[in-house]
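**Q** Take this structure first; my questions come after.
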Amino acid sequence: MRIFLLPLSLLYQLVLFIRHKLFDWGIIKSTSFDFPIICVGNLTMGGTGKTPHIEYLVRLLSSKYKIGILSRGYGRKTKGFLQAEPGMTYRHIGDEPMQYVKKFQEAQIAVCEKRVEGVKRMIKSSPNTDLVLLDDAFQHRYLKAGLNILLTDYHNLYPKDYLFPAGNLRDVVVAAKRADIIVVTKTPKVFSPFTRRRLTEIIQPEPTQRLFFSYLQYGRFTPVSHQSGIFIPRNLGTIVLFCGIANPYPFQEYLRSRCNELITIDFPDHHAFTKKDLYRVVNEYENVLGKNKIVVTTEKDAMRLIDSPYFRLFENIPFFYVPVEVRFHDEERITFDQQVIEYVRKNSANSSVHSVKN
């Protein structure tokens, strides 16, 4: 039925076209900085795997550089610039930044709707920051990143989609030309040359762009809490999965391979779980016959649950999340890593002074 919303999408396209032209002509100014800024973003409403790709970059670069991560902090209850500090929860900074905080203690993590202001305040508070990773800022043209990495989901490629509200695109397809790197994410682990050629023909990267293909590597089932007595049944019968992410399909397919029966309960992306929601999950678990059963959620959803006043509902239930990391096919990892490292090396000021360019 969304196809009937195409007239609204065409109007939205006109607005975006005018906005991009104002930036292209310099009528609206973009701000750049004299040190490395890497933007990881997409053209869709979400679900392309930005968080694990940001984490990949942190692991790649953190041994040599002091890294800052700047996010909008979607779903938080605060506004303006806020730097992550001990004792904060996802309500202060959002679920994805909360995940970064728990994994990367050495990184500087902040949230701000206005990315230029956010970068300036990060550098002011931590002048030794060598580079900043922008989480989901491809459309935020007020800040000009030095390296733009555009992600597109294998199951929902942007050239095959429509602008909102008829589709899930939040920007025009032609905006992809601004990317330096395009990554097709969530591809199958078994990836044939034929599939690679087909995807390349669909995306049609510019001669100056590099196209890569990544997939998700799921980790071990990890208890959401540190309570004792939590274990995974040897012969796993049923998994009750609940999550609030944009595209749960790849995760669902992985879990189906790990059990005899998968029961799914889907919520909107970044959903703030209520007491009623969690009672629904617990009731679904208790209605499953047998003992070889567990409850599973995503790592991002777990960030919104660990500080919930209703988390006690899972006290006597085997409750896990599954961490996930990004992998690149074949030798692409080496090429991808080299391009990112070379960009950072060439653009590192290696000084205590950072300047702004308009």
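The values are calculated or read from the model by the stated rules, or taken from the named source; none is laboratory data. Just so you know, these numbers come straight off a predicted model, no measurement behind them. Because the Cβ atoms are built from the backbone with ideal geometry, glycine has one as well, and the counts that use them run over all protein chains shown.
**Q** Please determine, by comparing only the residues of segment 277-333 that are surrounded by 20 or more Cβ atoms within 10 Å (Cβ to Cβ) and of a type in the set (Lys, Arg), which one is nearest to residue 260 (Cα to Cα).
**A** The residue in question is 293.
**Q** From the list 193, 165, which residue is in contact (Cβ under 8 Å) with a residue 60 or more places away in the chain, out of contact with any Lys or Arg (no Cβ under 6 Å at 6 or more places or on another chain) and of a type outside the set (Phe, Trp, Tyr)?
**A** After applying the criteria, what remains is 165.
**Q** A further question on this structure: Based on this model, can you work out whether residue 157 counts as at pLDDT 95 or above, within 20 Å of residue 51 (Cα to Cα) and in contact with a Ser or Thr (Cβ under 9 Å, 6 or more places away or on another chain)?
**A** no
**Q** Within segment 261-276, work out how many residues are touching a Gly at 6+ places or on another chain (Cβ under 9 Å) and either exposed (fewer than 15 other Cβ atoms within 10 Å of the Cβ) or over 20 Å from residue 99 (Cβ atoms) (or both).
**A** Residues in segment 261-276 being touching a Gly at 6+ places or on another chain (Cβ under 9 Å) and either exposed (fewer than 15 other Cβ atoms within 10 Å of the Cβ) or over 20 Å from residue 99 (Cβ atoms) (or both): 3 in total.
**Q** Considering only segment 222-240, I want to know if a residue exists there that is modelled with pLDDT of 95 or more, of a type in the set (A, V, I, L, M) and within 20 Å of the chain's Cα centre (by Cα).
**A** Within segment 222-240 (the criterion being modelled with pLDDT of 95 or more, of a type in the set (A, V, I, L, M) and within 20 Å of the chain's Cα centre (by Cα)), the answer is no, since none of the residues qualifies.
**Q** Separate question: Give the residues of segment 247-286 that are touching an Asp or Glu at 6+ places or on another chain (Cβ under 8 Å) and part of a strand (DSSP E or B), sorted by residue number.
**A** Matches in segment 247-286: 263, 265.
**Q** In segment 23-63, how many are hydroxyl-bearing (Ser, Thr, Tyr) and within 18 Å of the chain's Cα centre (by Cα)?
**A** 4
**Q** I would also like to ask the following. Suppose the filter is under 17 Å from residue 321 (Cβ atoms) and not in a loop (DSSP other than H, G, I, E, B); does residue 242 pass it?
**A** Here the answer is yes, as residue 242 does meet what is asked.
**Q** Hey, another quick one. Which residues, counting only those in segment 294-319, are touching a Leu at 6+ places or on another chain (Cβ under 6 Å) and either assigned to a loop (DSSP other than H, G, I, E, B) or under 17 Å from residue 95 (Cβ atoms) (or both)?
**A** 296, 310, 311
**Q** Given segment 56-128, what helices (runs of 4 or more DSSP H) lie entirely inside it while holding 1 or more residues that are among the aromatic types (Phe, Trp, Tyr) and not assigned by TED's automatic domain parsing to the domain that holds residue 143?
**A** The qualifying helices (runs of 4 or more DSSP H) are 90-93, 95-103.
**Q** So, residue 81, is that one touching a Cys at 6+ places or on another chain (Cβ under 7 Å) and either aromatic (Phe, Trp, Tyr) or within 20 Å of residue 179 (Cα to Cα) (or both) or not?
**A** yes
**Q** Next question. Just the residues that are of a type outside the set (Phe, Trp, Tyr) and in a helix (DSSP H, G or I), please, taken from segment 1-15.
**A** Residues satisfying the conditions are 2, 3, 5, 6, 7, 8, 9, 10, 11, 13, 14, 15.
**Q** Continuing with this model, one more query. Tell me, which residue of segment 158-194 that is of a type in the set (Val, Ile, Thr) and assigned to a loop (DSSP other than H, G, I, E, B) is nearest to residue 330 (Cα to Cα)?
**A** 190
Residue by residue, here is whether (1) surrounded by fewer than 21 Cβ atoms within 10 Å (Cβ to Cβ); (2) closer than 14 Å to residue 132 by Cα; (3) at pLDDT 95 or above holds:
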position: 40; (1), (2), (3): no, yes, yes
position: 43; (1), (2), (3): no, no, yes
position: 59; (1), (2), (3): yes, yes, yes
position: 76; (1), (2), (3): no, no, no
position: 79; (1), (2), (3): yes, no, yes
position: 82; (1), (2), (3): yes, no, yes
position: 93; (1), (2), (3): no, no, yes
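**Q** Filter segment 129-157 for residues that are in a loop (DSSP other than H, G, I, E, B) and among the aliphatic types (A, V, I, L, M) and give the result.
**A** Across segment 129-157, the qualifying residues are 137, 145, 157.
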